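Written out below as structure tokens is the structure these notes cover.
Nothing in this text is a laboratory measurement; each read-out follows from the coordinates by a stated rule. Quick caveat: nothing in here was measured; it's all calculated off a predicted structure. A quick note on method: Cβ atoms are made from the backbone with ideal geometry, for glycine too, and the neighbour counts reach across all protein chains shown.
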Amino acid sequence: MAARPIWKGQLRLSLVSIPVEMYSATKSGARISFRQIHEPSGKRVRYQKTVPGVGPVDAGDIMKGYEYEKDQYLLIDPEDVDEIKLETKKTLELVQFVDACEISPLYFNKPYYLVPADDLAEDAYRVVRDALRSTGMVGLGQVTMRGKEYLAAVKPCGDGLLLETLHYAEEIRDADPLFAQIEDHTADEDLLSVAKSLIERKTGPFKADAFKDNYAIALKVLIERKTKSKATKRVQTEDSDAESESGDNVIDLMAALKQSLAKTEGKSSSSKNSRAGRRTKAAAKKKSA
């Protein structure tokens, strides 16, 4: 089954826009998962929402509760939350570039492959890829998917580009309280020497396929054995799923790059002012409406 893009839109570098598609770099189906089945009927187990002392409740009677104090909740209508969800923007603009080593591994969340949407987009795509590769930089921007805005880092990956979503700063837990009780003593020299020797002996290039998920392997063996056994009980259930989207185009790469470079100089402050003005006008328009 062909992979489906989870997002389509434009990768923008100043005035240069490149139609791209985003695909998950990881396979959710690689791990074995189970469903809960009611043995007597052979049907899947469903979870019904209930309230103690009331019993089953209607979905329309359920509100979102935010715990602002212990056992004290603000009741918020799900529709209010839906109203502030961001519309799926079709543009990922690279607004800053940092050295690839500057971002701590703590921030990286999930990887995606970013590919050109069509043949016309490939030239501009290659320019951005090669520019990032030769400078050793990572492009930063924000991308909106499923109503949420993600911080994203774009960098070369083989013949293409890899986009990795990043945690925002407030999502990272401070390590100091956890490490504070570790005494700051220098390690014993002899023990340190032995440890370093062991590290040197086992040093080699990273090969992900050298490591195997032994639990998953054993689980597959178990399932294969159970599948072949006529004594294993079997049931039949039903399920389906789907999703898709579409994007746009652009050209005259050299002219756009030169124009972008010319406009970048001395224009950062005026662009900030104009964006602030647009936000103020939009807010006033929304208020009057």
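Could you name the lysines whose alpha carbon sits less than 30 Å from that of K263, not counting residues in the same chain fewer than 8 places away?
Straight-distance partners of K263: K8, K89, K90, K155, K272, K281, K285.
Work out, step by step, the length gained on full extension between T264 and R31: first 0.36 nm times the residue separation, then minus their alpha carbon distance; give nm to one decimal.
79.2 nm
Taking only C-alpha pairs under 8 Å that are 6+ residues apart, what is the relative contact order of segment 1-63 in percent?
18 percent
Which length gain, in nm to one decimal place, applies between A255 and D77 when the Cα-Cα distance is subtracted from 0.36 nm times their residue separation?
Length difference between fully extended and current span is 59.1 nm.
I want to check the label-to-label distance for D209 and R126. Put each point 7 Å from Cα in the C-beta direction and report it in nm to one decimal.
2.8 nm
Sum up the charges of everything whose Cβ sits under 12 Å from the Cβ of L75, counting Lys and Arg as +1 and Asp and Glu as -1, but leave L75 out.
With Lys, Arg at +1 and Asp, Glu at -1, the net is -3.
Taking the radius of gyration and the Kirkwood hydrodynamic radius from Cα positions alone, what is the Rg/Rh ratio for segment 183-232, to two decimal places?
Reported Rg/Rh (Cα atoms, Kirkwood Rh): 1.40.
I'd like to know how segment 49-180 sits against the 2.2 N^0.38 Å rule of thumb: what's its Cα Rg over that expected value?
Expressed relative to 2.2 N^0.38 Å, the Cα Rg reads 1.50.
Among Y47, Y23, Y125, what is the fewest-to-most ranking by other Cβ atoms within 10 Å?
Listed from fewest to most nearby Cβ atoms, that is Y47, Y23, Y125.
Just rank L192, L120, L15, fewest to most, by other beta-carbon atoms within 10 angstrom.
Ranked by crowding around the Cβ, least crowded first: L192, L120, L15.
To the nearest 0.05, how large is the calculated FRET efficiency for R133 and V95 if R₀ is 25 Å and r is the Cβ-Cβ distance?
With R0 = 25 Å, the Cβ-Cβ based efficiency is 0.80.
Rounded, prolate or oblate: which fits segment 94-239, taking a ≥ b ≥ c as square roots of the Cα gyration tensor eigenvalues, rounded meaning a/c under 1.5, else prolate when a/b beats b/c?
oblate
Please give the FRET efficiency for K226 paired with M63, using the beta carbon to beta carbon distance and R0 = 45 Å, rounded to the nearest 0.05.
0.55
Mind checking the full-extension length gain between I217 and Y23? Use 0.36 nm per residue of separation minus the Cα-Cα distance, one decimal, nm.
67.2 nm
Go through segment 87-165 and name the trypsin sites (Lys or Arg not before Pro) that are in a DSSP coil and have 15 or fewer other Cβ atoms within 10 Å of their Cβ.
Filter output for segment 87-165: K89, R146.
Once label points are set 7 Å from the Cα along Cα→Cβ at both D118 and H38, what is their separation, rounded to one decimal in nm?
So the two model labels end up 5.1 nm from each other.
From the Cα gyration tensor of segment 22-87, with a ≥ b ≥ c the square roots of its eigenvalues, which class applies: rounded if a/c is under 1.5, or else prolate if a/b is larger than b/c, or else oblate?
Here segment 22-87 falls in the oblate category.
What does the charge count around K148 come to, taking other residues whose C-beta lies under 14 Å from its C-beta (Lys +1, Arg +1, Asp -1, Glu -1)?
Net local charge, K148 excluded: 0.
Using θ = phi - 60° and the Karplus form 6.51 cos²θ - 1.76 cosθ + 1.60, what ³J(HN,Hα) does each residue of segment 38-45 get, whole Hz, x for Gly and Pro?
For segment 38-45, the Karplus curve yields 7, 4, x, 9, x, 9, 5, 7 Hz.
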